[in-house]
Amino acid sequence: MLEGFKKHIENHFHFLKEKKLLIAISGGIDSVVLTHLCDKSGLNITMAHCNFNLRGKESDADESFVKQLADKLNLEVFVQHFDTEKYAKDEKRSMQMAARELRYNWFNELSEQLGFDYILTAHHADDNLETFLINFTRGTGIEGLTGIPEVNQKFVRPLLKFSSAQIHDFAEENQIAWRDDSSNASVKYLRNKLRHEVIPILKEINPSLLNSFENTLHNLQGASDIIDESINDFLSKTIENIDDTTVKFKISEFKKKAQPKAFLYETFKDFGFTAWDDILNLLDAETGKQVLSNTYRLIKNRDHLLLSEIEQDASENISISEEERTKETPFGTLVFSQVDAVLETSPEVIYVDQNLLKYPLTLRKKQEGDVFYPLGMKGKKKLSKYFKDEKMSLLDKENVWLLCSGDAIVWVVNKRADNRFKVTLNTSSILKIEIKN
């Protein structure tokens, strides 16, 4: 296996040579063999071990074993202890997901702080098959069936072409010791259940299962590349506009497709959505209908779908005293200045009679029942009616801020000033209010 590994590095991972590499090592057979193979291949490696404190003395024994291996191979090793149970509880994660996040976050920190070029993990061909089956049983698109990537940013997996049997044989032949994790024997975890109960049956049916699976992955990865190329071409015609908060998609382009649901899935799969029938129904829904994921929303607005990130924190009112000349806001800097005359006007600039203002002024979002007196018009108008007349989308409405004096709206910011505070011939103090980004 050593010669095969060296050849594999030479042919597919030549970029690892002369680089500073960090190996994620648990003490188990896979990561221990990877460490030996890299060491014998002359790669510049350092070890990193996570003690998740989940198995008591067994976890501590794993740590001791890794330190002894580092001494034996004359390699540097970093060890980090985690309170995994607390993290899982605080972040509402499963124990496996919590350990994964802690592990990868720490590896990235080490890489940034100490200048490691790549981080090597010991995933192998059987891990790849298990991941494929897990995604298959849970339901996924083609991206979930293309396997673990050999290179993902800084993470490199040079053992993916080798089987667990090859790794085990190499360890036995070279009298390499390793640590067995007792939790790997439990079938309460899906991955272990597949490993111990399902995959052995599949290998009995097809002794060349891993070779067949490698061919299947190759075909699926090719199909995935074709899909990506098609979707990129589709999006170039479908995305009408992108700004700081919203991506605007033409509904007509989705409707041209024989399978619009498939194109909706490929377009929005990375934003956490799962209700694909509801998203399909948005194409013919009334304006204002929306579908939410945990972090994003998709809104129907006339002939478009609008994608935006959900604001996690509710906006708070902002108070502005009479003495303040500038005020930082979520939409820019408000600047207040006394002037002698009304000059240019624009959506970003208004002029008001300062003597009519009641301080402190307040910046807030819209509320039910809001009314104002649009400058240049007679009488009052419900803010909701004004938004409708302006053909504003739900997202636009939610992003509007109101500058208020007491309960009265002075300015629908960036939209329209209120007639009650306009400058007249009787005005003795003119206040210019403008937005500067």
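Give, as residue ranges, the helices (runs of 4 or more DSSP H) completely inside the range 148-239 that count at least 2 residues that are among the small types (Gly, Ala, Ser).
164-173, 209-238
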How about the range 365-388: which of its residues are in contact with a Ser or Thr (Cβ under 8 Å, 6 or more places away or on another chain) and either open to solvent by less than 50 Å² (accessible area, probe 1.4 Å) or in a helix (DSSP H, G or I) (or both)? ASP370
Checked pairs for the range 116-138, first assigned to a loop (DSSP other than H, G, I, E, B), second surrounded by 19 or more Cβ atoms within 10 Å (Cβ to Cβ) and of a type in the set (Lys, Arg), C-beta under 7 Å and 6 or more apart or across chains, list as THR121/ARG157; HIS123/ARG157
Restrict the check to the range 259-270 and report whether at least one residue is farther than 23 Å from LYS388 by Cβ, without any contact (Cβ under 8 Å) to a residue 24 or more places away in the chain, open to solvent by 90 Å² or more (accessible area, probe 1.4 Å) and hydrophobic (A, V, I, L, M, F, W, C). no
Does LEU235 satisfy the condition of being within 32 Å of the chain's Cα centre (by Cα) and open to solvent by less than 70 Å² (accessible area, probe 1.4 Å)? yes
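Could you please let me know if ASP407 is of a type in the set (D, E, K, R) and in contact (Cβ under 8 Å) with a residue 12 or more places away in the chain?
For ASP407, the condition - of a type in the set (D, E, K, R) and in contact (Cβ under 8 Å) with a residue 12 or more places away in the chain - is not met.
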So SER111 clears everything in (1) open to solvent by 40 Å² or more (accessible area, probe 1.4 Å); (2) farther than 30 Å from LEU220 by Cα except one condition, right? Which one? (1)
Of everything in the range 285-321, what is under 30 Å from GLU434 (Cβ atoms), surrounded by 13 or more Cβ atoms within 10 Å (Cβ to Cβ) and either over 21 Å from the mean Cα position of the chain (by Cα) or without any contact (Cβ under 8 Å) to a residue 24 or more places away in the chain (or both)? Give them in sequence order. ASN301, SER315, ILE318, SER319, ILE320
Within the range 409-426, take every residue that is crowded, with 17+ Cβ neighbours inside 10 Å and among the aliphatic types (A, V, I, L, M) and give me the one that is farthest from ASP370 (Cα to Cα). VAL423
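The values are calculated or read from the model by the stated rules, or taken from the named source; none is laboratory data. Everything quoted here is computed from the prediction, not taken from an experiment. In this analysis, Cβ positions are derived from the backbone assuming ideal geometry, glycine residues included, and neighbour counts consider all displayed protein chains. Keep in mind that these areas ignore ligands, DNA and RNA; they rest on the heavy atoms of the full protein, side chains included. Shrake-Rupley method; radii C 1.70, N 1.55, O 1.52, S 1.80 Å.
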